[in-house]
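Below is one structure, written out as structure tokens; the observations come after it.
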Amino acid sequence: MKVVLIIGGAVSGSTAAQKLSEQGIKSVIIDQNSMPYGKIEDGLPRWHEKQRISEYFKIDEILSNELVSFVPNMKVGSDISLEELMNMGWSCIYFANGAWKDRSFPVDEIESFKNFYYQNPLVYWFNHYHENGYQGASVSIEDNVIVIGGGLASIDVCKISQLELVRQKVESRIKNFDIIEMEHKGIPDYLAEHGISYEDLGIKGTTLIYRRDIESMPLTTIPDDLSEDMIEKRKMARRKILENTTSKFLFKVLENTQPCGIHLENNLLVGLKVLTSKNINGELKTIEDSEKVIKGKTFISSIGSLPEPIQGLPMNGSVYDIVDQNSGKFNHLDSVHGMGNAITGKGNIKASRVSAKTVSELTMEDIIEIDSDSSEKIFEKVKEWQSKNNYDGDYFSWKAKVSQK
């Protein structure tokens, strides 16, 4: 028998479980949350409802398969050690635990200021602050917002900022104000329907600072094998996507701009020191004597997320020590592979799914058989884990129970 442990049940973890099930291989998915939705639930802003429901459906269908065993509310490193898991005799182990830790801002001292936020807690706040009984961290978005980053996630952060700034101005003036409807229609059109002009609101708005040029912003993929002509078309498509988004949500973009320090006045964070950067023969260089200060009141870092370190799991600096990105093989560990956001760093659903499929296909033949005694002990332990959380093995009954809380 073959039994694979999958740590994390969201896009990449469920995709791997599906690939294994198609080959008649059993898998056990453990997830740190009650439901295995990962960043689909709180990495995507709440206006992505249709996409979220679609992804929920895909994951639910896979995890309810009879060849898949699910263990909720179990985090590796705190609820169970990696060493204990490694000694259980699995056929293979996949780390599909995502990237939940924000990449540290390059100027450490900025974190001590209350008007600085990281992307992940900001999106979580936006998704939940309107709920009755919300007791999570609070965010205060003051006008003149600086977002540092680039890519689809950073654009979502800019949209959150702009929607919130407008909400502060018009919520009391619009009957049945709906921030999600405003996202769907775009700020200018939504306000126009209610006889309001954005320009009359006196909003300074949000500025996205990106260290490269817009054509380099990863808004669309550019495969390595494309012709020069197609590469240029993809680059222009990136600029067009950004132009359409900025016209709909009215934020600004400063390209080729790289933070190098913070600017304080009376011990308050009021700006960023930045340098102009330039792509020279494929290498990003900063231009000498180009330093200036960009002032703001709210600062949000959206420069990417990292996997959380787990004691015993090889690290290479702040990322997992992976010797082969395609197979996701961990350095110094046999039959242990990473997949999805845990190794790609791209933070999007498509990249996670592609990574999981690639890792699964490349490692399928290496998944070892284990004897019946070993598999029996594994599933006895799985039942023990499940019982601690009052999970009886019926996935949809568990989902119904969780949704009622």
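Each value in this text was obtained by applying a stated rule to the coordinates, not by laboratory testing. Here the structure is a predicted model, which means the values were calculated and not measured. All Cβ positions, glycine included, derive from the backbone under ideal geometry; neighbour counts span all protein chains shown.
Packing-wise, with mean Cβ within 10 Å as the measure, how do 119-128, 335-344, 1-10, 243-252 rank, highest first? Mind dumping the intermediate values first?
Values: 119-128: 19.8, 335-344: 25.9, 1-10: 24.4, 243-252: 16.5.
Packing proxy ranking, top to bottom: 335-344, 1-10, 119-128, 243-252.
Below 8 Å, C-alpha to C-alpha, sequence gap of six or more: please give me the relative contact order for segment 196-282 in percent.
On the way: 93 pairs, mean separation 29.5, N = 87.
Once divided by the residue count of segment 196-282, the mean separation gives 34 percent.
Hey, with R₀ at 30 Å, roughly what FRET efficiency would Glu243 and Gln404 work out to, going by the Cβ-Cβ distance, to 0.05?
Values: r = 45 Å, r/R0 = 1.49.
With a Förster radius of 30 Å, E is 0.10.
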Where labels lie 7 Å past Cα in the beta-carbon direction, separation of His263 and Lys185 in nm: 3.7 nm
Per-peptide average of other Cβ atoms within 10 Å, ordering 261-270, 129-138 highest first: 261-270, 129-138
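Would you work out the charge dipole size for segment 85-236 about its Cα centre, treating the Cβ of every Lys and Arg as +1 and the Cβ of every Asp and Glu as -1, and quote it to the nearest 20 debye? Before the final figure, lay out each step's value.
Working: 15 positive and 24 negative charges, 61 e Å.
Dipole magnitude for segment 85-236 comes out near 300 debye.
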Just to be sure I understand the model, the point goes 7 Å from the Cα along the line to the Cβ. What's the resulting Val323 to Ser397 distance in nm? 4.5 nm
Between His194 and Lys75, how many nm apart are label points set 7 Å from Cα along the C-beta direction? 3.8 nm
Listed pairs Lys114/Lys329; Lys159/Lys350; Lys39/Lys285 exceeding 30 Å between Cα atoms: Lys114/Lys329; Lys39/Lys285
Using alpha-carbon coordinates, inclination of helix 49-63 to the longest axis of the chain, degrees: 10 degrees
I'd like the orientation of helix 349-363 relative to the chain: the angle between its Cα long axis and the longest Cα principal axis, in ° from 0 to 90, rounded to 10. 30 degrees
What percent do you get for the relative contact order of segment 1-156 when only Cα pairs under 8 Å and 6+ apart count? 28 percent
Shape descriptor, segment 44-84: equivalent ellipsoid semi-axes (Cα gyration tensor, sqrt 5λ, whole Å, largest first) stand at 27, 17, 6
Relative to a virtual label point 7 Å from the Cα of Ser374 in the Cα→beta-carbon direction, which members of segment 331-345 show backbone nitrogen distances below 17 Å? 333-337
Could you name the aspartates and glutamates whose alpha carbon sits less than 18 Å from that of Lys388, not counting residues in the same chain fewer than 8 places away? Asp31, Asp79, Glu84, Glu380
Mean residue ellipticity at 222 nm from the helices of the chain, using -39,500 (n - 2.57) per DSSP H segment of n ≥ 4 over the full residue count, to the nearest 500 deg cm²/dmol? -11000 deg cm²/dmol
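First check a/c for segment 249-405, with a ≥ b ≥ c the square roots of the eigenvalues of its C-alpha gyration tensor; if it is under 1.5, answer rounded, and if not, answer prolate when a/b is larger than b/c or oblate otherwise.
Numbers: a/c = 2.90, a/b = 1.86, b/c = 1.56.
The shape class here is prolate.
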Nearest 0.05, what FRET efficiency do Lys175 and Leu152 give at R0 = 45 Å with Cβ-Cβ as r? 0.85
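How much length is gained if the chain between Glu22 and Asp289 is pulled fully straight, taking 0.36 nm per residue apart and subtracting their Cα-Cα distance, in nm to one decimal? Please report the intermediate quantities before stating the final value.
Working: separation 267, 0.36 × 267 = 96.12 nm, distance 5.92 nm.
Computed gain between Glu22 and Asp289 is 90.2 nm.
Does segment 95-165 classify as rounded, prolate or oblate by the C-alpha gyration tensor (a ≥ b ≥ c root eigenvalues; a/c under 1.5 gives rounded; else a/b over b/c gives prolate, otherwise oblate)? Each step should come with its number before you reach the end.
On the way: a/c = 1.34, a/b = 1.09, b/c = 1.23.
Here segment 95-165 falls in the rounded category.
Would you please classify the overall shape of the chain from the alpha carbon gyration tensor, given that a ≥ b ≥ c denote the square roots of the eigenvalues, rounded means a/c under 1.5, and beyond that prolate means a/b larger than b/c while oblate covers the rest?
Working: a/c = 2.00, a/b = 1.57, b/c = 1.27.
It is prolate, given that a/c is not under 1.5 and a/b is the larger ratio.
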